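Throughout, read-outs are computed from the coordinates displayed, never taken from laboratory work. The structure presented is a predicted model; accordingly, all values stated were derived computationally and were not measured. Please note: Cβ atoms are built from the backbone with ideal geometry, for glycine as well, and neighbour counts cover all protein chains shown.
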Number of protein chains: 2
Amino acid sequence: MNLLLLSNSSSDAGYLTHALPWISDLVAGLPEGPALFLPYAGVTRSWDDYADLVAGALAPAGIAVQSLHREADAAAAVARAALFIVGGGNTFQLLAQVRQLGLLTQIARRVRSGQARYLGWSAGANLACPTIRTTNDMPIVDPGGLDALNLVPFQINAHYTEAHPPGHRGETRRQRLAEFCRVDPVTPVVGLPEGTGLHVLDTRVAVLGGQPAVLLQGDAPLRELTADTLEVQA
Amino acid sequence: MNLLLLSNSSSDAGYLTHALPWISDLVAGLPEGPALFLPYAGVTRSWDDYADLVAGALAPAGIAVQSLHREADAAAAVARAALFIVGGGNTFQLLAQVRQLGLLTQIARRVRSGQARYLGWSAGANLACPTIRTTNDMPIVDPGGLDALNLVPFQINAHYTEAHPPGHRGETRRQRLAEFCRVDPVTPVVGLPEGTGLHVLDTRVAVLGGQPAVLLQGDAPLRELTADTLEVQA
């Protein structure tokens, strides 16, 4: 298994620019087969526009992007893919669409078997987790259940921040994640600050981006995850 | 129908203190019957603690709070209630619990018929809406569907803010709500800033709190809702 899971796509440097070196590493020695983009998290941006944006951003890494929404036979396209690229946007819509297309099991099987690699950011990183229960997104559509690809044995919280706008009386991110850790004290949650990502190679996880991620689990105090490689239970 | 739907509970003045005059108006001439608190949105706070907190906060308004989680026969308690008090916390857990108890229809029927009034804040305000699709909360548990009490013909977004922490690359609140308005261009969304609320008397809606709420619907430009009373389609 070979996954690159990013907190975010855009930075002052441009769209996916900060992640291009990591993406180049991910696709080095990629098996034969198309790089298939899943644009379904896009809501206010059309899937065509989204696919064009990502194709342009990944061209410098030598990746020729095909968008799944343009394929007449989605299952056949998934069966050929050597790389899944799952973009951010709304996690609920992303999961609803992939579930409706009946592709969750097939995508997971190809990634687990090593036939395809996986690049996801924001909602696309959430989709790789056991469930989408740690997304920050609004439940604008019913995803038909919260279970997702289950490629990694932990949850990701993208755009992780400890910021708290002055005067805001709603929950902070930490409070929201504490709620998750209360109802599910077992599953670890990795909070990925802007600009960070995880490289998952089978059971080894490396934190990328020059600043620590955070690990939350049950009642345990928050732990900083540095760039050192961690071993996780598959 | 008589509902008071608040953005938030706590302010510098204390817990529910800012809303006490509105709550006193809501319960004036209340029919005979208990004031029933639903603590189910509470996750990191125990339901006992939550019920005690709310009982203390509402005592100055002459309301003797009973908590539904202490009732052996929940359906019988709901059938007697003259006031439902639905607290904030996690909207997904709130909806999951009320659905699991089989009480959604019964509560909605009592409020619609005028046999009971409704006080809700944050998650409790979301529950009164057609669905919980405009909650800010994390989907920590599967609510078994997003449809809710459907007491008002619009969605509420509590803790509405246009703040954007510097460096944050995730969606702003406006972007999240724009996604909702894209997938559902028909249902209006009322954004309630901290300190505001809505008083719904049958088809008349008044904005409370000395600052405007905002109305979002489909592609239409954001509209400020002032304290004037509005008529809404039931």
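A few points about this structure:
- Qualifying position, being over 16 Å from the mean Cα position of the chain (by Cα) and over 26 Å from A:Ala123 (Cα atoms), among B:Leu149, B:Leu222, B:Leu177: B:Leu222
- When B:Glu32 is tested against (1) in contact (Cβ under 8 Å) with a residue 24 or more places away in the chain; (2) surrounded by 14 or more Cβ atoms within 10 Å (Cβ to Cβ); (3) out of contact with any Cys (no Cβ under 9 Å at 6 or more places or on another chain), only condition (2) is not met.
- The one condition in (1) touching a residue at least 12 places away in the same chain (Cβ under 8 Å); (2) assigned to a helix (DSSP H, G or I); (3) over 16 Å from the mean Cα position of the chain (by Cα) that A:Arg45 fails to fulfil: (2)
- Residue list for the range A:48-82, filter: surrounded by fewer than 17 Cβ atoms within 10 Å (Cβ to Cβ) and assigned to a loop (DSSP other than H, G, I, E, B): A:Gly62, A:Ala64, A:Glu71, A:Ala72, A:Asp73, A:Ala82
- Subset of the range B:7-24 that is surrounded by 14 or more Cβ atoms within 10 Å (Cβ to Cβ) and part of a helix (DSSP H, G or I) - its residue that is nearest to the other protein chains (Cβ to nearest Cβ): B:His18
- Restricting the range B:165-199 to residues that are buried (at least 22 other Cβ atoms within 10 Å of the Cβ) and touching a residue at least 60 places away in the same chain (Cβ under 8 Å) leaves a set whose member that is farthest from B:Ser11 (Cα to Cα) is B:Leu198.
- Flag for B:Ala75 being away from chain A (no Cβ under 14 Å), under 27 Å from B:Pro130 (Cβ atoms), more than 19 Å from the chain's Cα centre (by Cα) and without any contact (Cβ under 8 Å) to a residue 60 or more places away in the chain: yes
- Just one of the listed residues (A:Gln100, A:Gln155) is without any contact (Cβ under 8 Å) to a residue 40 or more places away in the chain and either under 30 Å from B:Val189 (Cα atoms) or surrounded by 16 or more Cβ atoms within 10 Å (Cβ to Cβ) (or both), and it is A:Gln155.
- Strands (runs of 3 or more DSSP E) contained entirely in the range B:112-211, each with at least 3 residues that are within 14 Å of chain A (Cβ to nearest Cβ): B:155-160, B:189-193
- Residue within the range B:88-95 that is in a loop (DSSP other than H, G, I, E, B) and under 14 Å from B:Tyr118 (Cα atoms) present: yes
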